[in-house]
Amino acid sequence: MEIVEFDSRDKMIIEQIRARYIDLTPEDCYTCLKCTNGCPATKLYPKFAPHKFMVASIFGLVDDILESGILWYCFHCIKCETRCPMKTAPSQIISSLANIAISRGIAPPKAFTGMIRAIKEKGAIAQPREVPTTDFDFLTRDDLGLPPRGIKDIEKFQKALKIIGADEVLAIKPKEEEK
Ligand code: SF4
Ligand code: SF4
């Protein structure tokens, strides 16, 4: 049986969460699991369980969660919020914890920083592909007379990303690169 060291709890975590979302009331959660049972991310990643983030936040036992990178698997679909009988909000707790992880210098998993970098540099995660014709020629959007896709003013877009903290995330060294 795993013993939890209760003295190791972070007693300030609830205050830090509330500093980001003032109306959050994780202590109203009574672990009915409706959030987790309806969560699309849980279906893909069974270790991702919104109710656990609620309980861990209430008890201040979030260090492992912050370090693990699992918070980044949330789709932010808000389904948990709509299903919760107590009108509390796992999705906002998750966003709040992810923000706290960043403020502590904990990088998101590499795949996520890669996506943020692609958005910053090119305005989108996936770039338009060439399409094949029946003669196996490959045509670009330009060849097809389609307008270019993506951000019109990339510099303005990058400034906006800076304001919301994207550069701060990209500046954190992923753990495996620290050595
Ligand atoms: S649905 Fe609401 S009350 Fe139920 S476990 Fe999730 S957060 Fe807690
Ligand atoms: S917002 Fe996140 S935690 Fe909530 S249901 Fe969607 S994927 Fe699950």
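Helices in the chain, meaning DSSP H runs of at least 4 residues, each add -39500 (n - 2.57). Divided by all residues, the mean residue ellipticity at 222 nm is -12500 deg cm²/dmol. Using r as the Cβ-Cβ distance of I116 and C32, and R0 as 22 Å, what FRET efficiency do you calculate, to the nearest 0.05? Using R0 = 22 Å, I get an efficiency of 0.05. By the equivalent-ellipsoid construction on the alpha carbon gyration tensor, the range 9-103 comes out with semi-axes of 18, 15, 12 Å, ordered largest to smallest. Taking 0.36 nm per residue of sequence separation and removing the Cα-Cα distance, the E67/V55 pair yields an extension gain of 2.6 nm. Computed on the range 9-103, with alpha-carbon pairs under 8 angstrom and 6+ residues apart, the relative contact order is 39 percent. The chymotrypsin sites (Phe, Trp or Tyr not before Pro) of the range 83-179 that meet both conditions, a loop assignment by DSSP and at most 13 other Cβ atoms within 10 Å of the site Cβ, are F136.
The alpha carbons of the chain give a radius of gyration and a Dmax of 20.3, 69 Å, in that order. Among the GluC sites (Glu not before Pro) in the range 1-108, those located in a DSSP loop and surrounded by at most 10 other Cβ atoms within 10 Å of their own Cβ are E2, E5.
How much net charge surrounds F48 when only other residues with a Cβ under 14 Å from its Cβ are counted (Lys, Arg +1; Asp, Glu -1)?
Numbers: positive: K43, K47, K52, K79; negative: D64.
Around F48, the charge tally is +3.
Under a 5 Å amide H cut-off, with hydrogens placed 1.01 Å from N, L139 pairs with V131, T133 among residues at least 5 apart or on other chains. Carbon and sulfur together cover what percent of the accessible area of the chain at a 1.4 Å probe radius? For the chain, the apolar C and S fraction of the accessible surface comes to 56 percent.
Y73 exposes around 70 Å² of accessible area when a 1.4 Å probe is run over every protein chain in place.
The solvent-accessible area of L144, taken with every protein chain present and a 1.4 Å probe, is close to 90 Å². For the range 68-140, applying the loop criterion from DSSP together with a ceiling of 15 other beta carbons within 10 Å to the trypsin sites (Lys or Arg not before Pro) yields K87, R104, R129.
Per residue, the accessible area of the range 1-127 comes to 58 Å², computed with a 1.4 Å probe over protein heavy atoms only.
For K122, the lysines whose Cα falls under 22 Å of its own Cα, not counting residues fewer than eight places away in the same chain, are K110, K152, K156, K159, K162, K173. Per-residue Karplus couplings for the range 123-129, computed as 6.51 cos²θ - 1.76 cosθ + 1.60 with θ equal to phi - 60°, are listed in order as x, 7, 6, 9, 9, x, 9 Hz, Gly and Pro entered as x.
The values are calculated or read from the model by the stated rules, or taken from the named source; none is laboratory data. This structure is a prediction, so every number in the text was calculated from the model and none was measured. Backbone-built Cβ (ideal geometry, glycine too); neighbour counts: all protein chains shown. The accessibility values were calculated without ligands, DNA or RNA, using every heavy atom of the protein model including side chains. Shrake-Rupley method; radii C 1.70, N 1.55, O 1.52, S 1.80 Å.
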